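Down below is the structure, laid out as structure tokens.
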Amino acid sequence: MNPSNPAHPPSTKKGRILSGMKPTGQLHLGHLEGVLRNWVRLQHDYELFACVVDWHALTSRYEETKEVRADTLEVAIDYMAAGLDPERCTLFVQSDVKEHAELHLLLSMITPQGWLDRVPTYKEHQEALSGERLSYGLYGYPVLMAADILVYKANVVPVGRDQLPHLEFARELCRRFNRLYGEVFPEPDGLLEERADVLPGLDGRKMSKSYGNTIAIADGPDVIRQKVMQMFTDPQKIRRNDPGRPEICPVYMWQRVFQPEKEEEVATGCRAGTLGCVADKRDLAEAVIRAMEPIHSRRNELRNNLDYVHQVLREGAERAREVAHATMQDVREAMGGIGLRL
Ligand code: TRP
């Protein structure tokens, strides 16, 4: 960015952050507690760009474009309901900023195929998918992600543990570009989301839509009650007064997040056999409902005011485009000028 341009006052913040989530269905409480709450905190200290990466969703959902579109809006609503404030950060949809695609293409020219072959997620896809589902776009997923980050010259990228190889890939690609054409991009640092797995799924495995063990951010009180009552507990605690092992119990792990002040009481009662699983779950369900109340009321407001949500995303895209546009000018110039500029 040009600091002499009054449209871009030098930022007083610690640096710029870009992060994104794929619209692959409803976001759940694991995303809320592990990721979004963190972004909400970061928006105060950093210049935050929060993106809904809908092109990335097409790497697997190219036959469900209607659903991707619907989910894109819902994810944006979840971002805002969780507390991402359009006055403090830039909220936008990836496909609204075409510069991501241009940078992806240019970066693809300098991406050695061997680097892509070694990305662990692609290796997993190769084992799990076959034939036509193994697309060129899926292969290039990490290049697009690198473009998302570099097109904003982001300094910091909050990521879950599973995304560390992708971030490392982006850093290597950044160094390669800078070596070939000169220092255009700052090397982005990863900021590991320590709390990404604080909430296990209802069945104790990792919370994931594909396991069907989630509570969605959008789920209301009745669904929360019904799902919490189905949660797994210590299988050795069969009757109320059997002693339980809180350290292996998903209900206890949730209690620690939603009612940290009760942690001791719950653990002691469970171990002593004075607190039964049913009572424990009833108590947890009400705590989750209370914690979700402000988010649900913001969600309802936003759902009833979609014009406002659209406007936020339009303005976010405009702001994002300004930054991305300036970066692409630097990129083309560094590369010796692309095109004849007739
Ligand atoms: N690959 C990320 C995920 O699945 C999503 C993503 C795409 C992303 N582009 C990004 C995350 C840029 C951080 C920065 O979670």
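These residues, M207, M229, M335, go from largest to smallest accessible area, 1.4 Å probe, as M229, M335, M207. Across the options A147, L199, L167, the greatest Cα extent toward the positive end of the charge dipole of the range 125-225 (unit charges at beta carbon of Lys, Arg, Asp, Glu) belongs to A147.
Using only side-chain charges placed at the Cβ, +1 for Lys and Arg and -1 for Asp and Glu, the dipole size of the chain relative to its Cα centre rounds to 260 debye. The charge dipole of the range 205-272, taken about the Cα centre with unit charges on the Cβ atoms of Lys, Arg (+1) and Asp, Glu (-1), comes to about 300 debye, rounded to the nearest 20.
On the protein heavy atoms, probe 1.4 angstrom, tell me the percent of accessible surface of the range 125-212 carried by carbon and sulfur. Carbon and sulfur together cover 49 percent of it. For W39, the solvent-accessible surface with a 1.4 Å probe is about 0 Å², rounded to the nearest 10.
Taking other residues whose beta carbon is less than 14 angstrom from the beta carbon of Y46, and scoring Lys, Arg as +1 and Asp, Glu as -1, yields +2.
One Cα centroid belongs to the range 187-240, the other to the range 111-171; the line between them spans 26 Å.
Going through the cross-link list K206/K262; K22/K227; K98/K123, which pairs have a Cα-Cα distance over 27 Å in this structure? Working shown, then result.
On the way: K206/K262 24 Å; K22/K227 24 Å; K98/K123 29 Å.
Where the Cα-Cα span goes over 27 Å, the pairs concerned are K98/K123.
You can think of it this way: the chain between N305 and L116 has 63.8 nm of extra reach, that is 0.36 nm per residue less the Cα-Cα gap.
Where Lys and Arg each count +1 and Asp and Glu each count -1, what net charge lies around S130 among other residues with Cβ under 15 Å from its Cβ?
Numbers: positive: K123, R133; negative: E124, E127, E132.
Summing Lys and Arg as +1 and Asp and Glu as -1 gives -1.
Solvent exposure of D283, expressed as accessible area, is near 50 Å², computed with a probe of 1.4 Å over the protein chains only.
Write down the accessible area per residue of the chain in Å², having rolled a 1.4 Å probe over the full set of protein chains.
Values: 17320 Å² over 342 residues.
Computed with neighbouring chains in place, this is 51 Å² per residue.
Here the Karplus relation 6.51 cos²θ - 1.76 cosθ + 1.60, evaluated at θ = phi - 60°, turns the backbone of the range 235-251 into coupling constants of x, 7, 9, 9, 9, 3, 8, 5, x, x, 10, x, 5, 10, 9, x, 4 Hz, with x for every Gly and Pro.
Can you pull the percent of the range 219-298's accessible area that's carbon plus sulfur, 1.4 Å probe, other chains left in place?
Details: 2360 of 4380 Å².
The nonpolar share, carbon plus sulfur, comes to 54 percent.
Over the residues of the chain, compute the C-alpha Rg and express it relative to 2.2 N^0.38 Å.
Values: Rg = 22.4 Å, N = 342, 2.2 N^0.38 = 20.2 Å.
Cα-based Rg divided by the globular estimate yields 1.11.
Electrostatic tally near R195: other residues with Cβ closer than 10 Å to its Cβ, Lys and Arg +1, Asp and Glu -1, net -3.
Looking at the range 219-298 from every direction and averaging, what is the projected area of its Cα convex hull in nm²?
Directional mean of the projected Cα hull area for the range 219-298 stands at 4.8 nm².
Ordered by 1.4 Å accessible area with all protein chains kept, Y308, Y122, Y79 run largest first as Y308, Y122, Y79. Between Y139, Y181, Y152, the Gaussian network model of the chain with springs among Cα atoms under 10 angstrom shows the greatest mean-square fluctuation at Y181. Taking the charge dipole of the chain about its Cα centre, with +1 at Lys and Arg Cβ atoms and -1 at Asp and Glu Cβ atoms, the residue from N241, H104, Y211 reaching farthest to the positive side is N241.
The values are calculated or read from the model by the stated rules, or taken from the named source; none is laboratory data. Being a predicted model, the structure only gives us computed values, none of them experimental. Backbone-built Cβ (ideal geometry, glycine too); neighbour counts: all protein chains shown. Surface areas here come from the heavy atoms of the whole protein model, side chains and all, with no ligands, DNA or RNA. Shrake-Rupley method; radii C 1.70, N 1.55, O 1.52, S 1.80 Å.
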